[in-house]
Structures are given as structure tokens and as C-alpha cells.
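Below is one structure; the comments refer to it alone.
Nothing in this text is a laboratory measurement; each read-out follows from the coordinates by a stated rule. All values reported here derive from a predicted model rather than from experimental measurement. Cβ placement follows ideal geometry from the backbone for every residue including glycine, while neighbour counts extend to all protein chains displayed.
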Amino acid sequence: MPNSRPLNLREYAFRAKNHIAEMAWDYYSGGSDDEITLAENEAAWGRARLHYRVLTDIAERSTRTSVLGHDLSMPVMAAPTAFHKMAHEDGELATVRATTRAGTAMILSSLSTVDVEDVLKAAEGPVFFQLYMYRDRMVSHDLIRRVESAGCRAIVLTVDAPLLGNRERDERNNFALPPGITVRNLTAQTALDFSSEAGSGLSGFVHDHQDPTLNWEHVEWLRSTTDLPIVIKGLCRPDDAVRCFDCGAQAVVVSNHGGRQLDTSPATFDVLPSICEAVGDRGEVWVDGGIRRGTDVIKALAAGATATLIGRPILWGLAESGEAGVSDVWSIMQRELDRDMALCGCRSIAEITRDLLGPDSTG
């Protein structure tokens, strides 16, 4: 009999579409405007070519690495994504259990549908917290104190969304959270009404609550407010990356919000090498956007990244079969990475170096 289980992350996407409402699918899978950047994120990894080594004795190898001092099973973490309960009733609890059991880290979204305290209680490994800056600075301040107390190990500040990108799928669907699903980490501080009779309810929330004056002073304020490591997410330029470290960040994330903010912004892989070169040894560089294969992870690390993030595939696994689906997504990713490292002649993450990307690779 044919093997009916999903064999790769893209097959999970096909399965997930049959398990969730159209509005949820469009929210998870859509991009902004013409979705050019959304498509380019994946395509850019495919354009790069790996120049593998031979005769290197790969009988023993390891995918383990370290991120912000945390020992991880692989250089792939769960990107912050919102509203997991739209995919499965267990929401972020299922995601964090599967992710940390796989030996890697989860970045919990501010727009989580489970309380941060409950997520941390279910975690078996490091959880970082994704933060937006709100018009009322005390909302951000109180949220930082809350996630510190809960046990989050870093703050990941998203800086590419001072307002929401033009997500026409959500506008067409009048996007709103289904009855019974709420955003748990801001309920006590803001009026979180995602209902909408015309257009996206999320767009209205961002307009009303997120701070459009977001600037470098906010990064400096964050550095003065918490002792947790700070990661700045949403960069596409080397000069911005360097300035993040000048402001006290420990890591940056090369990201265009999954193609959901400024359409026609560059694919993350295309700008990754120049950002890594500019940052040098000042801190860690992470990258997300269209990573679907173990070979994509190898290309990211060869370009200079410390680690990668996957977002949508986690939601696909969650939608298809809950915690078990997320666990399988992680198993697929680690299995691919291990095999592809071997085929590249690499026995450890440290052996994934720039020479694996030949002159025919973009970036």
C-alpha cells in the first residue's frame, strides 16, 4: 500500500487546508498586495545551489547547536505566529509541547490564544516572547514584566509592522476571530475586539493599539526595561542590523513577516549574506521566510546565519493533527537536515560554511 502520511512540509499544507475554515486558511497562508514577496521567499532558497564535499566520513554527525546560550537539537526554531486555536483547539499548548519536546525553542506570539503562563508550564525547553510596541507604553511595560515572571528567556521585538500590510484576503473575508477564541496575553490591558463588519478586524486592532511612531528610541527603551536578551525581528538591510547591535540587541532576525507586510521587499535569502557579513561576530543572525527543506536550513547557515525559523509549517501540522502533527513537522525537518548535512559532507553545524554556496547562488 502507498504511504499515506505527509512526507514533507508542503504536503502538510495540502492536508491542513482541509481541516480549517477558509478564513483561517487565508489568514495563515496569505501575504500582502500581489503576494510577490510571499512567493519569492520560497523561490529564493530554490535558486541557490549547494556545492557538496565528498570523502569526508559522515558516519557520525550531529545537528545540535546553541542559540542565545541554549542547547538546541537543531538550528531551526518555531517562529512567532498568531491565533493557534484557529488551527486546533489545543492551540499554543500543543505547539509548545511538540516544539520543546523536539529539543528546540518556540517564540510565542503576543497574539497567542493561550496565556503565556500556561504555555510556559507546558514547555520542556526555552520559550522566547514576541513583542509589539503599543501606543500605551505601559501596555508594553506590563507585558514585559508578565513574560519575565512566566519564565520567557528572551524578548523578540517585531519592528517591521508599525501598521499592518495590505492583506487583501483578510479584507475580503472581513477577518475576525471565531467565537470563543480570544487573545490571552493582552486581554487585561487593551480592548481586544477583532470582530469586523467591514474589512479585517486585525487591521483595525493594529491601527488602534500598535505604536506608529516606532523608532530606535523604543529599542533603547526596551534595553533599559529588561535584562532579558533582546532580539530584533524584521530586518532586510545591513545598516539596520548593525544599529540593532549598537542599541544592545543580542540577535536579529532577517525577516519580511512572511511576505505579509511590504510586498516586493526582497526575499530573506537574497539579503542574508550581506547582513551576516555586516554583523560579523557582534551577535547572532536568525532568518525566516519560506524555509521548507533541510537544504534551505543548510543554505541559511552557509550564508552566515546562526539559526532559522519556520512559521506556517507549524500551523499546518497543528491543523492536520494537533500536537502529533507539529511533532511530525519537527521530525521531518530534523531528518531532512541530518540527511542533507551528510550529503553535503558535513558532520556538524560548524562544518556548514560559506564555500557550500557556490558562485551560482544568489544572495
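Around the amide H of Met133, modelled in the peptide plane, lie the amide H atoms of Asp211, all under 5 Å away and 5 or more residues distant in sequence or on another chain.
Taking the Cα centre of segment 224-338 as origin and assigning +1 to Lys and Arg Cβ atoms and -1 to Asp and Glu Cβ atoms, the resulting dipole is close to 180 debye.
Lysine pair count for the chain (Cα-Cα distance under 26 Å; residues 8 or more apart in sequence or on different chains): 5. Taking the longest Cα principal axis of the chain as reference, the axis of helix 268-279 is set at about 80 degrees. Calculated on the Cα set of segment 266-363, radius of gyration then Dmax: 14.3, 42 Å.
When each pair of different Cα atoms in segment 1-146 is counted once in the 1/r mean, what is the Kirkwood radius in angstroms, to one decimal? Kirkwood radius, segment 1-146: 18.4 Å. Residues whose amide H lies under 5 Å from that of Val287, counting only those 5 or more places away or on a different chain, are Val254, Ala307, Thr308, Leu309; hydrogens are built 1.01 Å from N in the peptide plane. Shape class for segment 94-172: oblate, because the ratio a/c of the largest to smallest gyration tensor axis (alpha-carbon atoms, square roots of eigenvalues) is 1.5 or more and b/c is at least a/b. Counted over the chain, the DSSP beta bridges are approximately 15% antiparallel. Taking the C-alpha atoms only, the angle from helix 312-344 to the longest principal axis of the chain is near 20 degrees. Taking the three principal axes of the alpha carbon atoms in the chain, the coordinate ranges are 61, 56, 40 Å, sorted in descending order.
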